Amino acid sequence: MKAANFIDSAVAEYVTTHTTAPDDLLLALAEETRKLTGDDAVMQIDPEQGTFLTMLVQLTGARRAVEVGTFTGYSSICIARGLPDDGSLLACDVSDEWTSVARRYWERAGLTGKIELRLGPAADSLRALPREEWIDFAFIDADKAGYPVYYEEILQRLVPGGLIAVDNTLQRGHITDPSHGRNVPAMRAFNDLVAGDARVTTVLLPVSDGVTLIRKS
Ligand SMILES: C[S@@+](CC[C@H](N)C(=O)[O-])C[C@H]1O[C@@H](n2cnc3c(N)ncnc32)[C@H](O)[C@@H]1O
């Protein structure tokens, strides 16, 4: 998600230019997303977040990953690239139109065998997954009202020591204003839920639009 206005724009630019840049494939995907989706392209994660996701997956040694909110595929490619050769990512989204772009870029990136798309409401997709602890890494970046359900369904299936990364937790800096818009109250409730959850350790990072890392104890 673009334009976090709680970071000075010069500092934001500095962060971008001092983070490993996206390769040509990710740049092409960002460009095509802008052309195809117009204003909706703002939903795509920032380049530095993509680099961060790949690094997180590598650092955790994750093999089995789940994503909620795929859009045109930027974050899924970054996650899948951090997985080992025998790793896999389950990507959940409701939009056949947007994920058709993702599928093309997975093919171009040589990731088709590593990523499985599950189309439909993510709550249903997650509830249908095996109930044992098998997920090593998850990324939540979809409709904000659904976050508590996505979190709970994933946490129940997360291995001890597994990691969940959650996007947009600072709501472009409006998170401290409960009366701001539709998503802020939902995100505030979610942030409170996680901060008070004794099953996890969490840190809310002012990266991009706010990324919360949640480690299951
Ligand atoms: C912010 S975008 C995801 C951006 C993506 N992570 C990226 O890097 O480009 C949110 C996505 O959530 C999807 N979405 C919205 N409601 C959903 C739901 N109930 N279940 C599954 N996906 C949903 C939308 O179709 C959209 O593609």
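The values are calculated or read from the model by the stated rules, or taken from the named source; none is laboratory data. Here the structure is a predicted model, which means the values were calculated and not measured. All Cβ positions, even for glycine, are placed from backbone atoms using ideal geometry, and neighbour counts span all protein chains on display. Each accessible area value is taken on the protein alone, full model and side chains, heavy atoms only, with ligands, DNA and RNA left out. Shrake-Rupley method; radii C 1.70, N 1.55, O 1.52, S 1.80 Å.
Taking first residues from segment 178-190 that are without any contact (Cβ under 8 Å) to a residue 40 or more places away in the chain and partners that are of a type in the set (Ser, Thr, Tyr) and open to solvent by 70 Å² or more (accessible area, probe 1.4 Å), no Cβ contact under 6 Å between residues at least 6 apart in sequence or on separate chains turns up. Taken over segment 57-71, the residue count meeting the criterion of being closer than 26 Å to residue 121 by Cα and either part of a loop (DSSP other than H, G, I, E, B) or open to solvent by 10 Å² or more (accessible area, probe 1.4 Å) (or both) is 6.
Taking the criterion of being more than 26 Å from residue 64 (Cβ to Cβ), open to solvent by less than 60 Å² (accessible area, probe 1.4 Å), of a type in the set (Val, Ile, Thr) and not in a strand (DSSP E or B), would at least one residue in segment 168-191 satisfy it? Yes - at least one qualifying residue is present in segment 168-191. Residue 91 - would you say it is under 26 Å from residue 169 (Cβ atoms), within 13 Å of the ligand (Cβ to nearest atom), of a type in the set (Gly, Ala, Ser) and outside any helix (DSSP H, G or I)? Considered against the rule, which asks whether it is under 26 Å from residue 169 (Cβ atoms), within 13 Å of the ligand (Cβ to nearest atom), of a type in the set (Gly, Ala, Ser) and outside any helix (DSSP H, G or I), residue 91 comes out as yes. Scanning segment 122-167 for residues that are more than 16 Å from the ligand (Cβ to nearest atom) and in a strand (DSSP E or B) yields 135, 136, 158, 159, 160, 161, 162, 163. Selection of segment 3-47 for residues being open to solvent by 60 Å² or more (accessible area, probe 1.4 Å), at pLDDT below 90 and within 16 Å of the ligand (Cβ to nearest atom) yields only 3.
Considering only residues in segment 201-212 that are in contact (Cβ under 8 Å) with a residue 24 or more places away in the chain and surrounded by fewer than 18 Cβ atoms within 10 Å (Cβ to Cβ), the one that is farthest from residue 153 (Cα to Cα) turns out to be 206.
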